[in-house]
Amino acid sequence: MAAPRVSLIIPTQRRLAGLETAARSTFRQAGVDPGELELVVVDNDQLPSAQALAERLAAEAPFPLVYVHEPEPGVANARNAAMARARGGLIAFLDDDEEAPEGWLAALLAAQVRYGADVVFGPVRGRAPRQVVRHRNYLERFFSREGPAEAGVIAHHYGCGDSLIRRAAMPDPDRPFAAFRNFIGGEDDYLFGQMAAAGAVFAWEPAAWVWEDPVPSRLTLRYAIARAFAYGQGPSAACAAASPPDRLGLARWMAQGLAQAAVFGAWAGVKWLVRAPDFAFTLDRAARGLGKTLWWGPFKIQFYGLRAGA
């Protein structure tokens with residue numbers, strides 16, 4: 001059997017409803033030859049909890065669906081296990097809480113050709129259920145990805161969800177994601193940072209947008225602010241992990257973060273006292289600044305790699 005041109009990858013861990021929605025949205029893609037596609041579902045549960053669903057979906061998929069069970073927890077482990085089985089020269093990532101409209105993949109592929117891009121990113125539109133009222137605007141914005149209004153080459157990168165990557169541009173085509181990011185996330189940022197240093201071309205395509213439907217447990221201010229703190233840790237941790245370590249860059253990020261935490265933390269306190277409707281947005285900026293400053297071991301928050309029952 002000829003290798004597919006594009007491998008769609010959906011990593012999942014105990015989110016069967018979201019996985020089904022995401023997978024079925026790939027079945028409905030228009031403007032793309034199904035004969036050039038495959039879908040790789042990687043189940044990062046200790047038990048193969050998604051296997052039965054994957055087998056049902058495979059029976060109706062318009063292209064091959066490959067199920068991979070990666071019992072060793074960790075987001076990098078999951079992505080690497082999928083990459084090891086994927087056969088396409090182009091890799092499209094969709095998260096198991098995302099849903100792609102019919103023109104999503106065609107828009108990514110067209111942009112990749114148009115700009116000669118090594119990676120193409122698209123917008124993510126956070127979507128909260130109607131019963132979420134408190135901090136709704138902030139939470140939907142938090143789970144969204146916004147970018148330029150126009151398509152084109154960009155000088156920075158985003159996360160892996162809703163992206164198309166040229167496999168040959170990865171530093172390791174089979175296991176490109178760093179294992180030390182397994183439990184804290186940011187494995188995609190680290191990969192794209194490596195690719196940027198090697199001269200990779202990044203592009204943005206506004207037409208390649210997807211919905212994101214966070215699980216209810218994540219639609220809280222407590223979760224989002226903790227995640228904002230972890231996002232803030234990213235640039236400082238990347239400087240520390242560089243070879244050799246970028247000590248000047250680390251000092252710069254930590255100093256910037258300290259100032260950001262102090263200014264926005266104080267302003268958030270004022271907004272909380274007066275019950276300002278945009279309080280959460282200001283608190284988010286303070287949390288990201290604090291993360292830049294407190295980025296090392298004891299302050300790392302584990303969002304990924306939980307075993308069954310954890």
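Summary of values
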{"quantity": "Some residue of region 100-107 being open to solvent by 20 Å² or more (accessible area, probe 1.4 Å) and more than 19 Å from residue 23 (Cα to Cα)", "calculated": "no"}
{"quantity": "Every pair of residues 6+ apart whose Cβ atoms lie under 8 Å, when the first sits in region 276-291 and is touching a residue at least 40 places away in the same chain (Cβ under 8 Å) and under 9 Å from residue 225 (Cα atoms) while the second is among the hydroxyl-bearing types (Ser, Thr, Tyr) and open to solvent by less than 20 Å² (accessible area, probe 1.4 Å)", "calculated": "280/138; 284/138"}
{"quantity": "Members of region 41-64 found to be open to solvent by 30 Å² or more (accessible area, probe 1.4 Å) and out of contact with any Pro (no Cβ under 7 Å at 6 or more places or on another chain), listed by number", "calculated": "47, 48, 49, 51, 52, 55, 56, 58, 59, 60, 64"}
{"quantity": "Sole residue being open to solvent by less than 70 Å² (accessible area, probe 1.4 Å), part of a loop (DSSP other than H, G, I, E, B) and among the small types (Gly, Ala, Ser), chosen from 251, 276", "calculated": "276"}
{"quantity": "In region 187-205, the residues that are touching a strand residue (DSSP E or B) at 6+ places or on another chain (Cβ under 7 Å) and either open to solvent by 60 Å² or more (accessible area, probe 1.4 Å) or assigned to a strand (DSSP E or B) (or both)", "calculated": "202, 203, 204"}
{"quantity": "Among (1) in a helix (DSSP H, G or I); (2) within 26 Å of residue 183 (Cβ to Cβ), the one test that residue 270 misses", "calculated": "(2)"}
{"quantity": "Single condition residue 75 does not satisfy, out of (1) open to solvent by 10 Å² or more (accessible area, probe 1.4 Å); (2) of a type in the set (A, V, I, L, M, F, W, C); (3) closer than 20 Å to residue 15 by Cβ; (4) modelled with pLDDT of 95 or more", "calculated": "(4)"}
{"quantity": "Failed item, numbered, when residue 94 is tested on (1) within 29 Å of residue 216 (Cα to Cα); (2) surrounded by fewer than 22 Cβ atoms within 10 Å (Cβ to Cβ); (3) touching a strand residue (DSSP E or B) at 6+ places or on another chain (Cβ under 6 Å)", "calculated": "(2)"}
{"quantity": "First in region 152-176 and under 14 Å from residue 87 (Cα atoms) and touching a residue at least 24 places away in the same chain (Cβ under 8 Å), second anywhere and assigned to a helix (DSSP H, G or I) and not hydrophobic (A, V, I, L, M, F, W, C), Cβ under 6 Å, 6 or more apart", "calculated": "173/167; 175/80"}
{"quantity": "Of all residues in region 256-273 being open to solvent by 60 Å² or more (accessible area, probe 1.4 Å) and touching a helix residue (DSSP H, G or I) at 6+ places or on another chain (Cβ under 7 Å), the one that is nearest to residue 222 (Cα to Cα)", "calculated": "272"}
{"quantity": "Any chance residue 119 is open to solvent by less than 50 Å² (accessible area, probe 1.4 Å), touching a residue at least 12 places away in the same chain (Cβ under 8 Å) and closer than 28 Å to residue 281 by Cα", "calculated": "no"}
{"quantity": "Subset of region 161-175 (residues that are part of a loop (DSSP other than H, G, I, E, B), open to solvent by less than 30 Å² (accessible area, probe 1.4 Å) and under 17 Å from residue 201 (Cβ atoms))", "calculated": "170"}
{"quantity": "Unmet criterion (only one of (1) open to solvent by less than 20 Å² (accessible area, probe 1.4 Å); (2) touching a helix residue (DSSP H, G or I) at 6+ places or on another chain (Cβ under 6 Å)) for residue 31", "calculated": "(1)"}
{"quantity": "Residue that is surrounded by the fewest Cβ atoms within 10 Å (Cβ to Cβ) [pool: residues in region 1-28 that are among the charged types (D, E, K, R) and not in a helix (DSSP H, G or I)]", "calculated": "28"}
{"quantity": "Residue that is on the phi < 0 side of the Ramachandran plot, buried (at least 19 other Cβ atoms within 10 Å of the Cβ) and part of a loop (DSSP other than H, G, I, E, B), where the choices are 224, 208, 237, 230", "calculated": "208"}
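Let's see how each residue does on (1) touching a residue at least 12 places away in the same chain (Cβ under 8 Å); (2) hydrophobic (A, V, I, L, M, F, W, C):
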{"residue": "11", "(1), (2)": "yes, no"}
{"residue": "23", "(1), (2)": "yes, yes"}
{"residue": "44", "(1), (2)": "yes, no"}
{"residue": "47", "(1), (2)": "yes, yes"}
{"residue": "54", "(1), (2)": "yes, yes"}
{"residue": "58", "(1), (2)": "no, yes"}
{"residue": "69", "(1), (2)": "yes, no"}
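The values are calculated or read from the model by the stated rules, or taken from the named source; none is laboratory data. Since we're looking at a predicted model, the values are computed, not measured. We place every Cβ from the backbone using ideal geometry, glycine too, and count neighbours over all the protein chains shown. The protein model used for the area step is the full one, side chains on, heavy atoms only, and it has no ligands, DNA or RNA in it. Shrake-Rupley method; radii C 1.70, N 1.55, O 1.52, S 1.80 Å.
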